[in-house]
Amino acid sequence: MKKLRVAIIGQGRSGKNIHGAFFRSEANDKFEVVAVVDMDEVRRNRAKDLYEGCEVYSDYTELFGRDDIDLVVNSTYSDMHYPVSIDLMNHGFNVLVEKPMARTRYECEDMIKTAKENNVTLAVFQQSFFAPFYQDIKNLMASGKLGEIQQVSIKYNNFARRWDWQTLQVKNAGGLYNTGPHPVGFVCDMLGFSDEIKVEYSKLARCMTSGDSDDFAKAIITAPGKPVVDLEVISVDAYSPFNVKLFGSRGCAEYTPTTYKYKYVVDGENPERPVVIDTLRLENGEPTYCAEKLITHEEEGKFDGTAFDIGTKNLYNTVYEKIVNGTPLPIGPEHGAKIIGVIEAIHAQNPLERKY
């Protein structure tokens with residue numbers, strides 16, 4: 001099997017501890033890191049030890065002229081995703097860009113156009129789509145077991161505060177741009193990546209963050225003929241930090257990244273009850289409550305793996321197949337553009353004062 005030669009730009013948490021961790025793991029059998037770029041000398045020197053035989057550079061433009069690199073991973077600061085990716089593609093490199101793909105839908109479309117003009121691959125690192133829990137959500141929704149899905153509630157919440165660059169609007173950061181691409185991606189997928197996705201209501205706020213961007217995001221999002229989606233990305237939730245709930249016409253389900261449980265009824269097992277228009281009464285004439293014991297079914301279990309291991313491997317497999325065999329990406333940059341479009345719309349509805 002041909003191994004693809006990779007350059008990583010950035011050795012921060014994402015470049016080192018997510019992408020780098022995968023490349024260094026036993027799960028990786030398709031890629032080898034041959035170059036690392038970072039402004040920090042300490043990180044460059046560490047990279048020499050982490051990736052045997054790799055070359056290190058202080059600036060990504062030093063990669064220009066190399067013709068032995070099959071893929072560049074752009075894990076720079078979020079505000080650099082767009083310009084650096086454009087520059088790389090204009091120099092003939094295939095690019096996997098970290099989320100958020102860019103700041104605006106226009107920038108995303110420009111990236112897609114640049115990839116086509118240069119006949120290179122552009123992919124977005126949205127590995128949560130390939131996580132076991134989300135794959136199970138998709139399978140459950142398609143199975144009809146819960147009936148017609150009426151609502152999806154997504155909480156990507158925690159109880160914490162940040163004071164790093166990921167809190168700054170100038171860095172294209174904040175909770176919705178940083179964490180949001182994962183759940184907003186789910187929203188867009190559950191709404192069929194429709195061109196008629198609409199943000200019906202939204203609120204952004206700053207609570208405990210030290211920066212000038214959001215750490216509280218709430219939105220109600222719809223598309224014709226699809227479930228209504230209730231989305232939260234909130235950093236002051238101490239009691240329900242992460243879950244996804246599906247409400248169908250026959251039951252419901254609740255997911256965390258590692259667990260699931262469903263409760264539902266099966267057609268025919270609970271014959272329809274005739275409507276009683278008059279007051280409900282017992283045989284002795286006393287009033288009674290409309291209650292019964294439904295025949296229900298319950299399932300629960302745990303997932304083996306998360307977005308950070310299984311999800312990352314599965315996403316990189318799709319990138320490999322695209323570069324080597326031309327197989328279309330199941331989640332491509334056009335999907336990433338729609339995700340950013342929703343995030344951009346929420347920010348447009350809730351302009352926050354810039355302080356930095």
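The values are calculated or read from the model by the stated rules, or taken from the named source; none is laboratory data. Because the structure is predicted, anything quoted here is derived from the model rather than measured. Ideal geometry is used to build each Cβ from the backbone, glycine not excepted, and the neighbour counts take in all protein chains shown. Keep in mind that these areas ignore ligands, DNA and RNA; they rest on the heavy atoms of the full protein, side chains included. Shrake-Rupley method; radii C 1.70, N 1.55, O 1.52, S 1.80 Å.
A few points about this structure:
- Carbon/sulfur fraction of accessible area - the chain, other protein chains in place, 1.4 Å, %: 48 percent
- Calculated FRET efficiency, Glu269 to Ser210, Cβ-Cβ distance, R0 = 41 Å: about 0.15 to the nearest 0.05.
- Entry comment: accessible area of segment 84-138 is 33 Å² per residue, from protein heavy atoms only and a probe of 1.4 Å.
- Annotation: lysines with alpha-carbon distance below 20 angstrom to Lys138 (same-chain offsets under eight excluded): Lys155, Lys226, Lys245, Lys261, Lys263, Lys302, Lys313, Lys338.
- Once the C-beta distance of Lys138 and Asp29 is scaled by a Förster radius of 22 Å, the resulting FRET efficiency is 0.25 to the nearest 0.05.
- For segment 217-311, trypsin sites (Lys or Arg not before Pro) meeting the loop criterion (DSSP other than H, G, I, E, B) and having at most 12 other Cβ atoms within 10 Å: Lys293.
- Largest first and in whole Å, the equivalent-ellipsoid semi-axes of the chain read 44, 23, 19, each the square root of five times a Cα gyration tensor eigenvalue.
- Dimensions in Å of segment 61-220 - Rg and Dmax from alpha carbons: 17.9, 56
- With semi-axes defined as the square roots of five times the eigenvalues of the C-alpha gyration tensor, the equivalent ellipsoid of segment 63-146 measures 30, 14, 12 Å, largest first.
- Ranking Asp189, Asp278, Asp49 by solvent-accessible area of protein heavy atoms (1.4 Å probe, all protein chains present), from largest to smallest, gives Asp49, Asp278, Asp189.
- Accessible surface, segment 262-356, averaged per residue in Å² (probe 1.4 Å): 70 Å²
- Placing a label point 7 Å from the Cα of Lys245 along the Cα-to-Cβ line, the residues of segment 140-157 whose backbone N sits under 15 Å from it are 150-157.
- Computed accessible area, Cys290, all protein chains, 1.4 angstrom probe, square angstrom: 100 Å²
- Largest-first ordering by accessible area, 1.4 Å probe, given options Met89, Met208, Met1: Met1, Met208, Met89
- The listed residues His297, His347, His81, once ranked by accessible area (1.4 Å probe) with the largest placed first, stand as His297, His347, His81.
- Anchor Lys116: lysines whose Cα lies under 16 Å away (excluding residues fewer than 8 positions away in-chain): Lys322
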